[in-house]
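Have a look at the structure below, then the notes.
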Amino acid sequence: MAQQPNYETVAPRPGIPADHIVDFDYFRPEAHPDEDVYVALKRLHDAPDVTWTPRNGGHWIVTRAEDVRWVRATHAIFSHEEIMIPRGATSTMMPPVTADPPKLARYRAVLNPAFAPGAIRALEGRAREVAAETIERLVPLGACEFTGDFARVMPVVVFLGIMDLPAERRAEFVTWGGSGVTDQETRNRNAAAVASYLAGMIDQRAKNPGPDLLSRIAQWRNNPRCESESEVMGMAMVTFVGGLDTVANMMSFAARHLATDPAARRRLIDDPALIPNAAEEYIRRHGLTMTSRLIRQDVARKGVTMRAGEMLLVIDALAGIDERAWPDPMTIDYGRDTRGHDTFGNGPHKCVGEHLARMELAIFIEEWLKRIPDFRVEPERPAVTHAGPVIGMRQLGLRWD
């Protein structure tokens, strides 16, 4: 029988120092109405570096850049076998996310070629074409809801091309893969819809493969190293869900900053050579993930002992806004040396789609500012952000003259 997730608040176990206990729910971090999710998360930097929360069944938390990197690199202790807090919140095994080294390398060998720098450069023309066409349709309207009208259109259409899936079903796919869903029943229903659809598509591509990524995944069935159908489905599901939401959220946060900072817009319009570094700075500032680990053995760190069998939440997004690693980290600075940020991860689970995200974000900024150089947040539809395993934006109304 599948383990039922425990979202209840539980009492701390003996041995956890009182000053290392925080009341924190990563689905609903406390924030004032005029704040976004990053301001709410940043308050955790006022607490000890390693803390424990009684929420969602009880788990550990790390927030500092040095600890995030340490956990990612110490995979023998911190396993990806459980990918979500609380334990049992997902019943779907999804290699490569749930695989630890050395097994992980088998799956990355299937996925990496589709996202290598050369493959991404070949997509630039199509990405620019989709961006330009989408913006041109919006220009005469004088306003848009950016997350739905652009951020979940341009990168999603490009991604569906990589997978050779029908762009006309984009809205349906985005609903299935949306990261802002907090109730377990809806998440389970969406996951079942994705699994059912992809199972049929994998069968088709296994019989009639093409040059697309889904065909590469389907062909894993024929590899002598393939151990089960769950490996094929896992790779397909991870790729599908990851391609529908993450870049869209990154674009939305960048668009909000540009809408509220006319000087920043003017600087990029006057000096387009700054755009690649601006995109990298937005990526540094707006990390999107909070990832979970199963602790394999007792380990001491910064005044506490985490025990085998307990869960750990790694707030990856806070590594990029840690003032110990980045001076004035909440400020967007296009002149900042962004090398070394950890938004895409470090170690064996580094994000396979990092080159695609960089390319699409830079193209969005360039093509948007060419056509809509002056715009602002629409007061009637302000930014609405959300937390959870993927940080994102549900709404961003923009208006221009």
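Condition first: in contact with a strand residue (DSSP E or B) (Cβ under 8 Å, 6 or more places away or on another chain) and within 29 Å of residue 346 (Cβ to Cβ). Can you find one or more residues in region 90-101 that meet it?
yes
Among the residues of region 119-128, is there at least one that is under 21 Å from the mean Cα position of the chain (by Cα), surrounded by 19 or more Cβ atoms within 10 Å (Cβ to Cβ) and within 30 Å of residue 295 (Cβ to Cβ)?
no
Report, by residue number, each residue of region 315-333 that is in contact (Cβ under 8 Å) with a residue 60 or more places away in the chain and acidic (Asp, Glu).
Listed by number, the residues that qualify are 316, 322, 323.
Go through (1) surrounded by 14 or more Cβ atoms within 10 Å (Cβ to Cβ); (2) out of contact with any strand residue (DSSP E or B) (no Cβ under 7 Å at 6 or more places or on another chain); (3) among the polar types (S, T, N, Q) one by one and return the number of the condition residue 246 breaks.
The single condition residue 246 does not satisfy is (2).
Would you be able to tell me the number of residues in region 55-88 that are over 22 Å from residue 325 (Cα atoms), in contact with a helix residue (DSSP H, G or I) (Cβ under 7 Å, 6 or more places away or on another chain) and of a type in the set (A, V, I, L, M)?
Number satisfying all stated conditions: 1.
In region 265-292, what residues are among the hydrophobic types (A, V, I, L, M, F, W, C) and either part of a helix (DSSP H, G or I) or in contact with a Cys (Cβ under 7 Å, 6 or more places away or on another chain) (or both)?
268, 269, 273, 274, 275, 278, 279, 283
Is region 7-28 home to any residue that is among the small types (Gly, Ala, Ser), surrounded by 15 or more Cβ atoms within 10 Å (Cβ to Cβ) and either farther than 19 Å from residue 318 by Cα or in contact with a strand residue (DSSP E or B) (Cβ under 9 Å, 6 or more places away or on another chain) (or both)?
Residues of region 7-28 that are among the small types (Gly, Ala, Ser), as a first pass: 11, 15, 18.
Those left that are additionally surrounded by 15 or more Cβ atoms within 10 Å (Cβ to Cβ): none.
No: zero hits.
Of all residues being part of a loop (DSSP other than H, G, I, E, B) and of a type in the set (Asp, Glu) in region 1-51, which is modelled with the highest pLDDT? Just the residue, please. If you could, list the steps in order and put the result at the bottom.
The initial filter retains those residues of region 1-51 that are part of a loop (DSSP other than H, G, I, E, B), namely 1-17, 22-36, 47-49.
Right, trim to of a type in the set (Asp, Glu) and you get 8, 23, 25, 30, 34-36, 49.
Details: 8: 91, 23: 95, 25: 95, 30: 75, 34: 61, 35: 71, 36: 80, 49: 98.
Filtering region 1-51 for residues that are part of a loop (DSSP other than H, G, I, E, B) and of a type in the set (Asp, Glu), the one modelled with the highest pLDDT comes out as 49.
Does residue 189 meet the test of being of a type outside the set (Asp, Glu), part of a helix (DSSP H, G or I) and modelled with pLDDT under 95?
Details: of a type outside the set (Asp, Glu): yes; part of a helix (DSSP H, G or I): yes; modelled with pLDDT under 95: yes.
Answer is yes for this residue.
Residue by residue through region 276-305, note down the ones that are among the hydroxyl-bearing types (Ser, Thr, Tyr) and either closer than 27 Å to residue 367 by Cβ or in contact with a Ser or Thr (Cβ under 7 Å, 6 or more places away or on another chain) (or both). Steps first, answer last, please.
Applying the first criterion (among the hydroxyl-bearing types (Ser, Thr, Tyr)) to region 276-305 yields 282, 289, 291-292, 305.
Answer for region 276-305, where residues must be among the hydroxyl-bearing types (Ser, Thr, Tyr) and either closer than 27 Å to residue 367 by Cβ or in contact with a Ser or Thr (Cβ under 7 Å, 6 or more places away or on another chain) (or both): 282, 289.
For residues in region 134-168 being closer than 25 Å to residue 115 by Cα and acidic (Asp, Glu), which is surrounded by the fewest Cβ atoms within 10 Å (Cβ to Cβ)?
Looking at residues that are closer than 25 Å to residue 115 by Cα and acidic (Asp, Glu), I get 168.
Within region 237-256, can one find any residue that is of a type in the set (Lys, Arg), modelled with pLDDT of 90 or more and either touching a His at 6+ places or on another chain (Cβ under 9 Å) or within 29 Å of residue 121 (Cα to Cα) (or both)?
Filtering region 237-256 down to residues of a type in the set (Lys, Arg) leaves 256.
Now drop any that are not modelled with pLDDT of 90 or more, which leaves 256.
Now drop any that are not either touching a His at 6+ places or on another chain (Cβ under 9 Å) or within 29 Å of residue 121 (Cα to Cα) (or both), which leaves 256.
Yes, region 237-256 contains at least one residue that is of a type in the set (Lys, Arg), modelled with pLDDT of 90 or more and either touching a His at 6+ places or on another chain (Cβ under 9 Å) or within 29 Å of residue 121 (Cα to Cα) (or both).
Name the one entry in 259, 273, 263 that is more than 21 Å from the chain's Cα centre (by Cα) and over 17 Å from residue 366 (Cβ atoms). Show your work before the answer.
Details: 259 fails: over 17 Å from residue 366 (Cβ atoms); 273 fails: over 17 Å from residue 366 (Cβ atoms).
Every option except 263 fails the conditions.
Which condition from (1) in contact (Cβ under 8 Å) with a residue 60 or more places away in the chain; (2) over 28 Å from residue 292 (Cβ atoms); (3) of a type in the set (D, E, K, R) is the one that residue 336 breaks?
Of everything listed in (1) in contact (Cβ under 8 Å) with a residue 60 or more places away in the chain; (2) over 28 Å from residue 292 (Cβ atoms); (3) of a type in the set (D, E, K, R), residue 336 misses just condition (1).
Of the residues that make up region 70-85, is at least one under 21 Å from the mean Cα position of the chain (by Cα) and under 30 Å from residue 368 (Cα atoms)?
Scanning region 70-85 turns up no residue that is under 21 Å from the mean Cα position of the chain (by Cα) and under 30 Å from residue 368 (Cα atoms).
Give region 343-383 a look and list any residue that's of a type in the set (Asp, Glu) and farther than 26 Å from residue 397 by Cα, or say none. Spell out how you get there, then give the answer.
Just the residues of region 343-383 that are of a type in the set (Asp, Glu), to begin with: 354, 360, 366-367, 374, 378, 380.
Across region 343-383, the qualifying residue is only 354.
State all residues of region 246-276 that are of a type outside the set (A, V, I, L, M) and in contact with a Leu (Cβ under 9 Å, 6 or more places away or on another chain); if no residue qualifies, say none. I'd like the intermediate steps shown before the answer.
So in region 246-276, the residues of a type outside the set (A, V, I, L, M) come out as 246, 249, 252-253, 256-257, 260-262, 265-267, 270-272, 276.
Passing the criteria: 246, 249, 252, 253, 256, 265, 267, 272.
Please enumerate the residues belonging to region 267-294 that are free of Cβ contacts under 8 Å to residues at least 60 places away in the same chain and surrounded by fewer than 17 Cβ atoms within 10 Å (Cβ to Cβ).
270, 271, 273
The values are calculated or read from the model by the stated rules, or taken from the named source; none is laboratory data. Model, not experiment: these values are computed from the prediction. Here the Cβ is made from the backbone with ideal geometry for all residues, glycine too, and neighbour counts use every protein chain on show.
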